[in-house]
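A.B. asks: The structure under discussion is supplied below as structure tokens; questions concerning it will follow.
The values are calculated or read from the model by the stated rules, or taken from the named source; none is laboratory data. What you are looking at is a predicted structure, and each value in this text was computed from that prediction instead of being measured. Heads up, the Cβs are rebuilt from the backbone with ideal geometry, glycines too, and the neighbour counts pull from every protein chain shown. Ligands, DNA and RNA are excluded from the accessible area calculation, which covers all protein heavy atoms including side chains. Shrake-Rupley method; radii C 1.70, N 1.55, O 1.52, S 1.80 Å.
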Amino acid sequence: MAQQDLSPSPLRRSRKAERLLVLLFLLSLPFLNPWVRGDGVGYYAFARAPLIEHSLDFTKDYQHANESFRDAKLDEHGQPKSELRTPTGHLDNHFTVGPAILWMPFLLVTHASVLLTRTLGFSVAADGFSAPYRITMALATAIYGFLGLLLAFRLARQYVEERWALLATLSIWWASSLPVYMYFNPSWSHAHSSFAVALFLWYWHQTRSSRSLPQWLILASITGLMLNVYYPNAIVLAVLAVEALRQYLSAFRRHAQAGASASPRVSDLLTRHFLFGAVVLICLLPTFITRYLIYGSAFESGYVPLRDWLWFSPAFLNVLFASNHGLLAWTPILLLAIVGLFLFWLSEPLVGAPLLAAFLAFYVFMACYPDWAGISSYGNRFFVSLTPLFILGLAVFFDRAAQLFHSRRAASCAERSDCHRRRRIPDQSRMDG
């Protein structure tokens with residue numbers, strides 16, 4: 001009679017791992033630091049001003065900012081300095097609108113609750129600065145950061161044992177720059193960016209084998225969100241560029257060779273890529289409209305002009321090793337993750353090549369950025385966007401290291417067993433004699 005298999009099913013093990021991640025996330029919530037400071041003043045202003053002021057007047061955001069921000073932005077009368085006004089009369093705010101989009105559902109509920117409590121006689125300020133708003137903002141940021149981790153975990157476990165995907169997720173969660181912007185500086189955009197990139201990569205991966213037109217449109221909407229949150233995330237689209245290059249080459253070969261039918265036609269690819277681009281532009285309307293209202297041009301970012309970038313003298317080594325926020329100098333665990341990305345490319349080139357291309361393109365892009373060190377930063381905060389890539393890479397590294405260890409241990413055991421067997425043969429011969 002066959003023995004019954006009592007081991008837990010893969011689905012149960014996956015749910016157990018995800019429940020563990022959820023539990024750890026809930027236990028981490030006391031680390032939340034619900035303040036708005038530095039760059040976060042600009043990000044949060046895009047949520048607070050429309051919600052409370054019903055405009056893009058950021059005067060009160062400047063006035064309620066942290067002391068170092070106020071000292072640099074306000075005059076002796078407590079008013080924003082005149083040189084901070086743009087040609088349209090608005091206060092300068094070059095930060096992205098995407099985090100405000102993600103915060104808004106949470107803040108709407110909080111604002112309605114605050115207004116309700118005020119009608120009941122409670123004296124809670126409905127100004128967007130009081131504790132309920134700040135706590136809501138911080139909690140929403142942490143939730144988005146965690147959802148990004150969960151999506152990255154689900155992606156990684158499709159290629160390695162679940163224990164390595166779980167260990168990699170926990171390692172990047174607490175040994176990279178992510179927790180600083182997920183908990184300590186929740187008003188900044190980096191945790192949101194990690195979520196948006198994870199959502200993009202996860203959905204790209206889920207649909208890559210045969211992406212229907214509706215799925216292309218969904219991917220375009222996710223892409224629009226990803227770019228609204230953080231402009232450099234456009235570099236992550238390298239995964240689509242590598243994918244498209246392979247598809248077009250295959251389509252041209254199909255056209256040249258009669259009977260080949262495994263790849264889509266060039267016309268189908270062009271149509272889907274055109275619609276993808278059109279939907280992305282539509283989804284970027286929040287960015288275009290706010291840029292136009294603030295700067296007078298939909299394509300003015302407010303950041304360092306591209307002509308002033310370090311195109312001919314990139315800071316390749318400094319980005320990685322400088323004491324001034326070098327990626328590997330501050331977060332050395334990412335070295336293992338990067339090695340893992342190369343290993344993944346070698347073992348799974350169809351998926352690994354686009355992902356490795358995205359990392360390398362992002363690295364080159366940041367090495368050319370004049371403020372590559374991130375000014376005020378823990379580690380190189382720009383690379384927090386690539387958290388899902390680092391989790392996958394680290395999971396692959398752990399998996400390959402475990403395989404190497406087991407194979408070497410097995411070889412060592414086999415060698416010891418063989419030596420022991422050889423020693424016993426002469427002894428047995430002497431006994432027979």
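A.B. asks: Taking Cα atoms, how many degrees apart are the long axis of helix 266-283 and the longest axis of the chain, rounded to 10 and kept between 0 and 90?
C.D. replies: It works out to around 40 degrees.
A.B. asks: Which one of ALA47, GLY121, TRP202 has its Cα pushed farthest toward the positive end of the charge dipole of the chain, where Lys and Arg give +1 and Asp and Glu give -1 at the Cβ?
C.D. replies: The residue sitting most towards the positive pole is TRP202.
A.B. asks: Same structure again: Connecting C-alpha atoms closer than 10 Å in a GNM of the chain, tell me which of PHE397, PHE365, PHE383 has the biggest fluctuation.
C.D. replies: PHE365
A.B. asks: Loop only by DSSP, 16 or fewer other Cβ within 10 Å of the Cβ. Give me the chymotrypsin sites (Phe, Trp or Tyr not before Pro) in the range 183-259 that pass, ordered by residue number.
C.D. replies: none
A.B. asks: With charges set only on the Cβ (+1 for Lys and Arg, -1 for Asp and Glu), what does the dipole of the chain come to about its Cα centre, in debye to the nearest 20?
C.D. replies: 1700 debye
A.B. asks: Sticking with this structure for a sec: Per residue, how much accessible surface does the range 287-418 expose to a 1.4 Å probe? Answer in Å², no decimals.
C.D. replies: Per-residue accessible area for the range 287-418 comes out at 48 Å².
A.B. asks: Apply the a/c threshold of 1.5 to the C-alpha gyration tensor of the range 265-393 and tell me whether it is rounded, prolate or oblate.
C.D. replies: In terms of gyration-tensor shape, oblate.
A.B. asks: Shifting gears a bit: By how many nm would the segment from LYS16 to ALA278 grow when fully extended, if each residue of separation counts as 0.36 nm and the alpha-carbon distance is taken off?
C.D. replies: Once the chain is fully extended between LYS16 and ALA278, it gains 90.2 nm.
A.B. asks: Counting Lys and Arg as +1 and Asp and Glu as -1, each charge on the Cβ, what is the dipole of the range 233-362 about the Cα centre in debye, to the nearest 20?
C.D. replies: Here the range 233-362 has a charge dipole of around 340 debye.
A.B. asks: Using alpha carbons only, how many degrees (0 to 90, rounded to 10) separate the axis of helix 213-229 from the longest principal axis of the chain?
C.D. replies: Helix 213-229 and the main axis of the chain meet at about 60 degrees.
A.B. asks: Could you give P(r) for the chain, binned at 20 Å from zero, as whole percent values over all Cα-Cα pairs?
C.D. replies: 22, 50, 21, 6, 2, 0
A.B. asks: Semi-axes, largest first, in whole Å: what does sqrt of 5 times each Cα gyration tensor eigenvalue give for the range 88-195?
C.D. replies: Equivalent ellipsoid of the range 88-195: 33, 17, 11 Å, largest first.
A.B. asks: Distances over 19 Å make up what percent of all Cα-Cα pairs in the range 40-129?
C.D. replies: 45 percent
A.B. asks: Can you give the Kirkwood hydrodynamic radius for the range 183-245, in Å, rounded to one decimal and based on Cα pairs?
C.D. replies: 12.3 Å
A.B. asks: Can you give me the relative contact order of the chain as a percent, contacts being Cα pairs under 8 Å and 6 or more apart?
C.D. replies: Relative contact order here is 19 percent.
A.B. asks: Fully extended, how many nm does the chain gain between SER113 and LEU270 (0.36 nm per residue separation, minus their Cα-Cα distance)?
C.D. replies: Separation in residues times 0.36 nm, less the Cα-Cα distance, equals 51.7 nm.
A.B. asks: Could I ask something else about it? From the backbone phi of the range 317-331, what are the Karplus-calculated ³J(HN,Hα) couplings (6.51 cos²θ - 1.76 cosθ + 1.60, θ = phi - 60°) in whole Hz, Gly and Pro given as x?
C.D. replies: 6, 4, 4, 8, 10, 5, 5, 7, 6, x, 4, 7, 5, 8, 10
A.B. asks: Quick check: the angle from helix 190-207's long axis to the longest principal axis of the chain, C-alpha only, nearest 10 degrees?
C.D. replies: Tilt relative to the chain: about 50 degrees.
A.B. asks: Another question, then. First compute the accessible area of the chain with a 1.4 Å probe, then give the percent of it belonging to carbon and sulfur atoms.
C.D. replies: Carbon and sulfur: 64 percent of the exposed surface of the chain.
A.B. asks: If I model a spin label at ILE333 and LEU350 as a point 7 Å from the Cα along the Cα→Cβ vector, what separation in nanometres do I get?
C.D. replies: Taking the two extended label points, one gets 3.2 nm.
A.B. asks: Assigning unit charges at the beta carbon (Lys, Arg +1; Asp, Glu -1) and nothing else, what dipole magnitude in debye, to the nearest 20, does the range 50-186 show about its Cα centre?
C.D. replies: Taking the Cα centre of the range 50-186 as origin, the dipole is about 460 debye.
A.B. asks: Which three semi-axes in whole Å describe the equivalent ellipsoid of the range 10-68, each the square root of 5 times a Cα gyration tensor eigenvalue, listed largest first?
C.D. replies: The three semi-axes for the range 10-68 are 38, 15, 8 Å.
A.B. asks: Cut-off 10 angstrom, C-alpha nodes, Gaussian network model of the chain. Which of GLY78, GLY40, GLY224 fluctuates the most?
C.D. replies: Largest GNM mean-square fluctuation: GLY78.
A.B. asks: Can you tell me how much longer the chain between ALA244 and GLN206 gets when fully stretched, taken as 0.36 nm per residue apart minus their C-alpha distance, in nm with one decimal?
C.D. replies: 12.1 nm
A.B. asks: Using a 10 Å Cβ count of at most 16 others and DSSP loop calls, identify the longest part of the chain lacking such GluC sites (Glu not before Pro).
C.D. replies: The segment 162-299 is the longest one with no such site.
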